[in-house]
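Asker: Just dropping this structure here.
Please treat every number below as a calculation from the coordinates, not as lab data. As the structure is a computational prediction, the values presented were derived from the model and not from experiment. Neighbour counts are summed over all protein chains in view; Cβ atoms, including those assigned to glycine, are modelled from backbone coordinates with ideal geometry.
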Amino acid sequence: MASRELTPLDRVLVEIERALSTGLNVTPHAERASPAAGIDDAPLPDWEQRHAAGLMRVNHTGEVCAQALYSGQAAVARDTATRDQLLKAAAEETDHLAWCDERLKELSSRPSLFNPLWYAGSFAIGAVAALMNDRVSLGFVVETERQVEAHLGRHLEILPQDDARSRAIVAQMQVDEARHGQNALDAGAVTLPPPIPTLMRFASGVMKAVAYRI
Ligand SMILES: [Fe+2]
Ligand SMILES: [Fe+2]
C-alpha cells in the first residue's frame with residue numbers, strides 16, 4: 001500500500017490516539033516476544049509478590065512517560081530524521097510497556113492510576129525540549145535513558161531473586177535503554193546543563209514513589 005506524508009491534522013490525531021491508549025492503560029501490543037517467555041513463573045511469598053508488582057508498576061509508568069516524552073518531542077521536531085528516530089524509540093518503548101503490562105497482570109496487579117497525569121506532564125516536557133532545538137531534544141533522550149538504565153540496574157538488585165520473569169524483562173529493557181541513549185548521542189545530542197539532570201531525577205523520584213504504591 002502506498003504511504004503518504006502525514007498532514008499536521010493527521011499527526012494531531014495520531015498523538016491523541018496514542019495519548020488515550022497509553023495514558024488510559026489500553027493493553028499495548030509488543031512487536032517482540034517478551035524476554036520472560038519460556039521462563040517458569042515461580043510462586044512468590046505474598047510480600048515478595050507485592051514488592052515485585054510495585055517495582056513493575058514503577059517500570060510500567062516509566063514506559064508511559066517515555067512514550068509521552070518521545071511523542072511530545074516527535075510532534076514538534078524540526079528535522080525529519082530526528083522525528084523518525086524518536087518515533088522508532090517510542091515504538092520500542094511500546095514493547096517495554098507491553099511486557100511490563102503483562103507481568104503486572106501475572107503478579108495480580110494493575111498499572112498506576114496516575115498514568116494519564118504522568119503522560120500529560122511528560123508529553124509537555126518533550127514538546128518544550130523539542131521547541132528549543134533538536135540537539136537539546138536529543139540531550140533529553142540521552143539523560144532520560146541514562147537515568148532509566150541506572151534505575152533498572154537498581155531494580156535488578158532489589159527484585160525478588162526468584163522472580164526470574166520480571167528480572168528477564170528488566171534486563172532486556174536495560175540493554176534497549178542503553179542503545180536508545182547511545183543512538184541519541186550519535187545523532188548529535190548536547191549535554192544538558194545543571195540543574196536540568198537533577199530536576200529530572202527529582203521528578204522521576206516522585207513518580208517512582210507514587211507509582212510503587214498507587
Ligand atoms: Fe523503555
Ligand atoms: Fe528507551
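Asker: Using Cβ contacts closer than 10 Å as the measure, can you line up Met56, Met173 from fewest to most? Walk me through the numbers on the way to the answer.
Answerer: Details: Met56 30, Met173 24.
Result, fewest neighbours first: Met173, Met56.
Asker: Also, I was wondering about something else. For the Cα atoms of the chain, what angle does the longest principal axis make with the long axis of helix 8-23, in degrees from 0 to 90, nearest 10?
Answerer: 10 degrees
Asker: Shifting gears a bit: Could you give the length gained on full extension between Thr80 and Gln182, defined as 0.36 nm per residue of separation minus the Cα-Cα distance, in nm? Could the numbers behind the result be given before it?
Answerer: Values: separation 102, 0.36 × 102 = 36.72 nm, distance 1.91 nm.
Result for the pair: 34.8 nm of gain on full extension.
Asker: Continuing with the same structure: With everything on Cα atoms, drop me the angle between helix 134-158 and the longest principal axis of the chain, reported from 0 to 90° to the nearest 10.
Answerer: 0 degrees
Asker: Out of Ala30, Ala130, Ala203, any idea which swings most in a Gaussian network model of the chain, alpha carbons joined below 10 Å?
Answerer: Ala203
Asker: Using the Karplus curve 6.51 cos²θ - 1.76 cosθ + 1.60 with θ = phi - 60°, what ³J(HN,Hα) values do you get for each residue of region 197-214, in whole Hz, with x for Gly and Pro?
Answerer: x, 5, 5, 5, 5, 5, 4, 6, x, 5, 4, 5, 5, 6, 5, 4, 9, 10
Asker: Quick check: residue separation of Arg213 and Thr198 times 0.36 nm, minus the Cα distance between them. What number comes out in nm? Please list the in-between numbers first.
Answerer: Values: separation 15, 0.36 × 15 = 5.40 nm, distance 2.34 nm.
Fully extending the segment from Arg213 to Thr198 adds 3.1 nm.
Asker: Here is a follow-up. Which of the three applies to the chain, rounded, prolate or oblate, going by the alpha-carbon gyration tensor with a ≥ b ≥ c and a/c under 1.5 meaning rounded? Let's see the in-between values first.
Answerer: Values: a/c = 1.82, a/b = 1.52, b/c = 1.19.
In terms of gyration-tensor shape, prolate.
Asker: For the ranges 63-76, 115-128, what's the packing order if you count other beta-carbon atoms within 10 Å of each residue, average per peptide, and put the highest first?
Answerer: Per-residue Cβ counts within 10 Å, averaged per peptide and sorted highest first, yield 63-76, 115-128.
Asker: Here's something else I'd like to know. Do the sum for the chain: with -39,500 (n - 2.57) for every DSSP H run of n ≥ 4, divided by all residues, what is the mean residue ellipticity at 222 nm, to the nearest 500 deg cm²/dmol? Kindly include the intermediate steps, with their values, before the conclusion.
Answerer: Working: 7 runs with 158 residues, N = 214.
Roughly -26000 deg cm²/dmol at 222 nm, from the helical runs in the chain.
Asker: Let me ask another. Once you keep just the Cα pairs under 8 angstrom separated by 6 or more residues, what percentage relative contact order results for the chain?
Answerer: On the way: 281 pairs, mean separation 60.9, N = 214.
Relative CO of the chain lands at 28 percent.
Asker: Between Arg110 and Ala42, what FRET efficiency follows from the Cβ-Cβ distance if R0 is 22 Å, with the result rounded to 0.05?
Answerer: Numbers: r = 21 Å, r/R0 = 0.97.
With R0 = 22 Å, the Cβ-Cβ based efficiency is 0.55.
Asker: Report ³J(HN,Hα) in whole Hz for each residue of region 172-181, in order, from the Karplus equation J = 6.51 cos²θ - 1.76 cosθ + 1.60 where θ = phi - 60°; Gly and Pro get x.
Answerer: With the stated coefficients, region 172-181 comes to 5, 4, 4, 4, 5, 5, 4, 5, 4, x Hz.
Asker: Related question: Answer rounded, prolate or oblate for region 88-214, using the Cα gyration tensor with square roots of eigenvalues a ≥ b ≥ c: rounded when a/c is under 1.5, else prolate when a/b is larger than b/c, else oblate.
Answerer: Details: a/c = 1.88, a/b = 1.54, b/c = 1.22.
Prolate, because a/c is 1.5 or more and a/b exceeds b/c.
Asker: Now a separate question. Report the relative contact order of region 123-183, percent, no decimals, based on alpha-carbon pairs under 8 angstrom and at least 6 residues apart. Walk me through the intermediate numbers first.
Answerer: Values: 38 pairs, mean separation 23.9, N = 61.
It rounds to 39 percent for region 123-183.
Asker: Run the numbers on region 63-178 and let me know its relative contact order in percent, using alpha-carbon pairs under 8 Å that are six or more apart. Intermediate results must be reported in sequence, preceding the final value.
Answerer: Details: 119 pairs, mean separation 37.4, N = 116.
About 32 percent, as a whole number.
Asker: Rounded to whole Hz and in sequence order, give me ³J(HN,Hα) for region 61-75 from the Karplus expression 6.51 cos²θ - 1.76 cosθ + 1.60, θ = phi - 60°, writing x for Gly and Pro.
Answerer: With the stated coefficients, region 61-75 comes to 5, x, 6, 4, 5, 4, 4, 5, 4, 5, 5, x, 5, 5, 4 Hz.
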